[in-house]
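K.L.:
Next up is a structure, given as structure tokens.
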Amino acid sequence: MSSIQREEKKELKIIRDFSFPDDYSKVVYYYDQVSQQYKYMSSDIIMISGYSVEELNLVGFKSIVKETVNSKRNSFTQNSGNDEEIFEEFSATYIIETKDKKIRWVEDNSFTKLDFKGNRIFSIGVLRDITEFRENIFNLINSKKRLDAILKLADVAFLLIDQNKKVSLINRKGAELFGVDDIVGADFGKLFTGRIKGESQKLFRKFITSYDDDQKVEVKFNTSRDEHLILWQKTLLKDEKRKY
């Protein structure tokens, strides 16, 4: 048995014993770069692609990849006793078509062992199904666009204030109200200097400093052009530890 075969046997034993408990979105694999065959793939590859490892070796994984969104490859060396080993770190995101013609997003992260001539010998890596993650991101983006559109149509000024009373988010109507393009990071209280006067000023300061949830206050507000009677409503957001 050659040194390469002994190393392959050792690596195969390690990854066969390795698993992600209760996580069917990840697949561990060992790919022989010489024969261009998967010597091992955890069984969850069927749940991701619809193909078994034997079927993928027949059709080729590249045949189910419809698009590679991005890929990155970096080489590095590692000392092992008296020898210097060469490796490649590889990452990519694929859009694949499953056996039942569904589209899925898959992330690939692997390390490849090279010989002293730079030829690839084998790769050990993890495929991860990120379809649900991508869909959640797209839904979040679309939800934000819909929220912005609704707030614009409703003629509502929307501001998000952090625990330090700094503005962390403001919509277009809010910016128009203050007569500035960007007030993110500004002190919320100071924004009202000179804009609210008399008893309204005391009432509004109590409104922005108290921790009463779902509080409302109606005050006269001076914009850059004229005066408006504005109803302000406040909702407090808490984290998982119930902190503001």
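K.L.:
Look through 233, 201 and report the one residue that is surrounded by 13 or more Cβ atoms within 10 Å (Cβ to Cβ) and at pLDDT below 75.
P.N.:
Checking each option against the conditions leaves just 201.
K.L.:
Any residue at all in the range 37-55 that is surrounded by fewer than 14 Cβ atoms within 10 Å (Cβ to Cβ), of a type in the set (A, V, I, L, M, F, W, C) and either over 22 Å from residue 132 (Cα atoms) or modelled with pLDDT of 95 or more (or both)?
P.N.:
No, the range 37-55 contains no residue that is surrounded by fewer than 14 Cβ atoms within 10 Å (Cβ to Cβ), of a type in the set (A, V, I, L, M, F, W, C) and either over 22 Å from residue 132 (Cα atoms) or modelled with pLDDT of 95 or more (or both).
K.L.:
Check residue 113 against each of (1) under 20 Å from residue 25 (Cβ atoms); (2) modelled with pLDDT under 95 and name the one condition it does not meet.
P.N.:
(1)
K.L.:
Still on this structure: Scan the range 77-88 and give yes if some residue there is modelled with pLDDT of 90 or more, out of contact with any strand residue (DSSP E or B) (no Cβ under 7 Å at 6 or more places or on another chain), loosely packed, with under 15 Cβ neighbours inside 10 Å and not in a strand (DSSP E or B), otherwise no.
P.N.:
no
K.L.:
Here's a follow-up. Among the residues in the range 22-32, are any over 29 Å from the mean Cα position of the chain (by Cα), farther than 20 Å from residue 132 by Cβ and at pLDDT 90 or above?
P.N.:
Looking for residues that are over 29 Å from the mean Cα position of the chain (by Cα), farther than 20 Å from residue 132 by Cβ and at pLDDT 90 or above, one finds at least one in the range 22-32, hence yes.
K.L.:
What is the residue count in the range 122-144 for residues that are more than 12 Å from the chain's Cα centre (by Cα) and in the same structural domain as residue 88 (by TED's automatic domain parsing)?
P.N.:
8
K.L.:
Hey, another quick one. Starting from residues that are in contact with a helix residue (DSSP H, G or I) (Cβ under 9 Å, 6 or more places away or on another chain) and within 16 Å of residue 174 (Cβ to Cβ), keep the ones in the range 204-230 and report whichever is modelled with the lowest pLDDT.
P.N.:
224
The values are calculated or read from the model by the stated rules, or taken from the named source; none is laboratory data. Small disclaimer: the values here were computed from a predicted structure and weren't measured. Here the Cβ is made from the backbone with ideal geometry for all residues, glycine too, and neighbour counts use every protein chain on show.
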